[in-house]
Amino acid sequence: MYRVASLTSTGSRWRGTVDLSCARYLHKRPHLTRGSMALMQPTVASSRQSRGYSGGGPKLQFPPLPKEWEGQYKVGQMFTQQDSLPRLPVPPLQQTLERYLKFVQPLISEEEFEKTTAAVTEFGAEGGVGEELQRLLHERAKTKDSWLIDWWNHVAYLAYRLPVMVHSNPAIGFPRQPCGDQDKFVTNATRMLLGCVKWNMLIQNEAIPVDYYRGKPLCMHHYQLYSKCRIPGPTADTLRTTPINESRHVIVIRNGYFYRLDVLYETPDGTLAVTPSSHVMSELHHILETAPPTNEYPVGILTNEHRDTWYQARERLRKDPQNQACLEDIETSILTVSLDKAHPHTMNLDPSQPFNDYQRSLVAGNFLHGNGSQLNSINRWSDTCIQCCVSEDGGLGSLLEHTGGDGPPAVSADIFLLDMLSLGYDWLAESSPVPVQSLKPARQLRWNISAESANDIKTAIVNNDKLSGDVDLRVVTFQDFGKDIPKKFKLSPDGFIQTAIQLAYWKLYHKTSAMYESAATRWFKYGRTDTIRSVSNISHSFLKAMSDPTTPVKEKAELLVESVKAHSHYTNEAISGQAPDRHLLGLRLIASEAGIELPGIFTDPAYSKSLHFNLSTSQVAVANYDIILCFGAVVPDGYGVCYNPQTNKTIMSISSYLSCPHTDSALFQERLQESLREMRDVMEAAAPLAAKL
Ligand code: COA
């Protein structure tokens, strides 16, 4: 997800400069000066130090696994391809400028396009500023494993000032789990938390097999999502990573109360092993039975504040040494686990039934923002890289603080858990002889809340409820088809869905908008994402043809095929490091770093328009599992759309803001389903005509 300053947004929720990106939010960041760039800390190390982070201390136990997986996870294999990965290229300047003009054209008027073309021509002229910036970028690329990654982590995440809840942290929802009583609730929580701890042990052992995409290895760096916490700063945050030897615990949160629970212990033979599930389960039962039902000062809610506000509040909180110790416990934990209450509309459901889409939307909303301070927003520490959420209604999910990595590596832990369960392997049944004296009970963190911190928390509750109550989130399972139909017509399913999203938007607004799709650039060392610009001149023609009843079906089908092909072509460029978006960002940032006045191409209104992503989208495909990822829209008048296409159905999440009078997630999902059906019908109607030729 990614963003940059929305130049037009006002009001407290959108205040400040919104720079950014995870791929969804990247606008303009006028205040990014030489000084602020100088403060930027490297976010990846370029040596072995960046692989794993086990540090010194005891040897790590290799966790038991299903026998079917024997040989699949091997110590030391995870980074075997890392050193042979190519570096992210700096694309040719003229190529980027041509591509920029192409993607910006359908978004602006002819008159604006003329001005933009002039600004681009001036920028790209021989001996002009563009060439100088390109030279500087090449210089930077020579000295780093990735010319982009530190900038990206800073600009897209750490310097982003809106609350990370909803605006940056994506949520992942699992299929419904067995529920109905406290035992099942505790079982779900223990499975989730110990499953993640086990997965982290595999990461620490560098035992995860290397990922491949289209036959080529991918960068594995961003699997390292555990024991990481974002720490708020005055103008930009930092990312803290704790070595496993100092990070042996998780934080359990119930009713806004925090508990430290050790989940690793040192065995008599000196290895670090996973705490037995029986101990974890009994501690979770104890927490559920003893956590007071109400909490006047739920400190975690502060992490859902605007980042500047949270920074100030944290400074006030840590004046007290006892609070400092609580923060230290939280910020060095492996992950957090929220023991959530059920939403009133999901609390009395038949436990044997899966959630329907309405219920799934509520549960996914709970993961994304906690459904308000009266429910579970108080059970979050939004800065922790991985937050597991378990709810009384059978909901199971997690939240990702985005600085550490992207959706696919985060979801891999979920696939690992679900794969083990589907093999009939339950890690809760593993035997583990442990000396009783080495197992510590969970310990509640005790805060000293001063009058000023009490005020901070009260304000945070109001702001939290405003934001969480504003999210209009719909999860929908499109049952008619999945990847099967596009494949039947020899089209990329991703391109097909992207075109359908454009058509849905067109049906509602009769215009196109800037549209963002994340493309993984993990073929490159430390690669994360670039932007696929799905809207093109050809897709624009397709949208117009679809709303014109006089256009013959054959023509519609041809335009559809060309639109999807154009999208696939753009995807190939983006995953190969040749898309224009990150390159333009690099040129902009290197100008700022070198103290060069921002060139006209970046002050041209078309540039900020192209970064106002009314449609921020992402595919997170998880074959065979009904997992859904969701995130907030990245502009106040936009939609966030994420989808998981399966063979013959597609699970989608759509978010927008209720405060925007122009958006409506329910209507959007109806139009999206309608668009998918119409596009299938067009292809089916045109197929016999094409066959006759
Ligand atoms: N004819 C028939 N089949 C086709 C086809 C065509 N013309 N084009 C593609 N296919 C097939 C593919 O072989 C693939 O088959 P599979 O189901 O056996 O795997 C399937 O259709 C899907 O391919 P496609 O729709 O092109 O998408 P993709 O899986 O290659 O994914 C991206 C495209 C952009 C989503 C992917 O490259 C990516 O970057 N994913 C990560 C995104 C991310 O990081 N998101 C999170 C950000 S927080």
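I need a count of the residues in segment 69-87 that are out of contact with any helix residue (DSSP H, G or I) (no Cβ under 9 Å at 6 or more places or on another chain), assigned to a helix (DSSP H, G or I) and among the polar types (S, T, N, Q).
1
Here is a check on your reading of the model: is THR477 at pLDDT below 95 and assigned by TED's automatic domain parsing to the domain that holds SER539?
Here the answer is no, as THR477 does not meet what is asked.
What number goes with the only condition from (1) open to solvent by less than 30 Å² (accessible area, probe 1.4 Å); (2) touching a residue at least 60 places away in the same chain (Cβ under 8 Å); (3) over 21 Å from VAL186 (Cα atoms) that SER450 does not pass?
Going through the list (1) open to solvent by less than 30 Å² (accessible area, probe 1.4 Å); (2) touching a residue at least 60 places away in the same chain (Cβ under 8 Å); (3) over 21 Å from VAL186 (Cα atoms), SER450 breaks only (1).
Run down LYS507, LYS525 and say which single residue is surrounded by fewer than 24 Cβ atoms within 10 Å (Cβ to Cβ), in a helix (DSSP H, G or I) and at pLDDT 95 or above.
Exactly one residue qualifies, and that residue is LYS507.
Taking segment 88-134 only, how many residues are open to solvent by 50 Å² or more (accessible area, probe 1.4 Å) and not in a helix (DSSP H, G or I)?
Qualifying residue count for the region: 4.
Would you point out the residue of segment 523-546, among those that are of a type in the set (Gly, Ala, Ser) and within 13 Å of the ligand (Cβ to nearest atom), that is farthest from the chain's Cα centre (by Cα)?
The qualifying residue farthest from the chain's Cα centre (by Cα) is SER534.
Here's the yes/no breakdown for (1) among the aromatic types (Phe, Trp, Tyr); (2) over 21 Å from the mean Cα position of the chain (by Cα); (3) under 28 Å from SER282 (Cα atoms):
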site	(1), (2), (3)
GLN387	no, no, yes
ASP393	no, yes, yes
GLU401	no, no, no
ILE415	no, no, yes
ASP419	no, yes, yes
TYR425	yes, yes, yes
GLU452	no, yes, no
ILE457	no, yes, no
VAL462	no, yes, no
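Give me a count of the residues in segment 556-570 that are buried (at least 18 other Cβ atoms within 10 Å of the Cβ) and closer than 25 Å to LYS609 by Cα.
Here the count works out to 5.
Residue by residue, here is whether (1) open to solvent by 10 Å² or more (accessible area, probe 1.4 Å); (2) within 19 Å of TYR505 (Cβ to Cβ); (3) of a type in the set (Val, Ile, Thr); (4) without any contact (Cβ under 8 Å) to a residue 24 or more places away in the chain holds:
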{"site": "ASN537", "(1), (2), (3), (4)": "yes, yes, no, no"}
{"site": "PHE542", "(1), (2), (3), (4)": "no, yes, no, no"}
{"site": "ASP548", "(1), (2), (3), (4)": "yes, yes, no, yes"}
{"site": "LYS554", "(1), (2), (3), (4)": "yes, no, no, no"}
{"site": "ASN572", "(1), (2), (3), (4)": "yes, no, no, yes"}
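Which numbered condition trips up PHE496, out of (1) in a helix (DSSP H, G or I); (2) open to solvent by 10 Å² or more (accessible area, probe 1.4 Å)?
If we test PHE496 against (1) in a helix (DSSP H, G or I); (2) open to solvent by 10 Å² or more (accessible area, probe 1.4 Å), just (2) comes out false.
Checking the condition within 11 Å of the ligand (Cβ to nearest atom), within 25 Å of LEU107 (Cβ to Cβ), in the same structural domain as MET683 (by TED's automatic domain parsing) and not aromatic (Phe, Trp, Tyr), which residue from ALA500, ALA504, ALA514, ALA520 passes?
Sole residue among the options that is within 11 Å of the ligand (Cβ to nearest atom), within 25 Å of LEU107 (Cβ to Cβ), in the same structural domain as MET683 (by TED's automatic domain parsing) and not aromatic (Phe, Trp, Tyr): ALA520.
Within segment 429-447, track down each residue that is among the aliphatic types (A, V, I, L, M) and either closer than 20 Å to SER227 by Cβ or surrounded by 15 or more Cβ atoms within 10 Å (Cβ to Cβ) (or both).
Answer for segment 429-447, where residues must be among the aliphatic types (A, V, I, L, M) and either closer than 20 Å to SER227 by Cβ or surrounded by 15 or more Cβ atoms within 10 Å (Cβ to Cβ) (or both): VAL434, LEU439, ALA442, LEU445.
Can you name the condition, by its number, that SER518 falls short on among (1) open to solvent by 20 Å² or more (accessible area, probe 1.4 Å); (2) assigned to a helix (DSSP H, G or I)?
(2)
Are any residues in segment 462-487 open to solvent by 40 Å² or more (accessible area, probe 1.4 Å) and either over 18 Å from CYS642 (Cβ atoms) or more than 8 Å from the ligand (Cβ to nearest atom) (or both), and if so, which ones?
VAL462, ASN463, ASP465, LYS466, GLY469, ARG474, GLN479, ASP480, ASP484, LYS487
Being in a strand (DSSP E or B), open to solvent by 10 Å² or more (accessible area, probe 1.4 Å) and touching a Phe, Trp or Tyr at 6+ places or on another chain (Cβ under 8 Å) is the filter here, so list the residues in segment 240-262 that pass it.
Scanning segment 240-262 gives a single hit, THR241.
Given the options LYS458, LYS490, name the one that is modelled with pLDDT of 95 or more, surrounded by fewer than 17 Cβ atoms within 10 Å (Cβ to Cβ) and within 14 Å of the ligand (Cβ to nearest atom).
Going through LYS458, LYS490 in turn, just one is modelled with pLDDT of 95 or more, surrounded by fewer than 17 Cβ atoms within 10 Å (Cβ to Cβ) and within 14 Å of the ligand (Cβ to nearest atom): LYS490.
Do we have PRO217 as in contact (Cβ under 8 Å) with a residue 12 or more places away in the chain, surrounded by fewer than 23 Cβ atoms within 10 Å (Cβ to Cβ) and not assigned by TED's automatic domain parsing to the domain that holds GLY527 here?
So PRO217 passes the test.
Among the residues of segment 135-144, are any surrounded by 24 or more Cβ atoms within 10 Å (Cβ to Cβ), touching a helix residue (DSSP H, G or I) at 6+ places or on another chain (Cβ under 7 Å) and either within 29 Å of GLY600 (Cβ to Cβ) or modelled with pLDDT of 95 or more (or both)?
No, every residue in segment 135-144 fails to be surrounded by 24 or more Cβ atoms within 10 Å (Cβ to Cβ), touching a helix residue (DSSP H, G or I) at 6+ places or on another chain (Cβ under 7 Å) and either within 29 Å of GLY600 (Cβ to Cβ) or modelled with pLDDT of 95 or more (or both).
The values are calculated or read from the model by the stated rules, or taken from the named source; none is laboratory data. Bear in mind the structure is a predicted one, so any value in this text is a computation, not a measurement. Heads up, the Cβs are rebuilt from the backbone with ideal geometry, glycines too, and the neighbour counts pull from every protein chain shown. Ligands, DNA and RNA are excluded from the accessible area calculation, which covers all protein heavy atoms including side chains. Shrake-Rupley method; radii C 1.70, N 1.55, O 1.52, S 1.80 Å.
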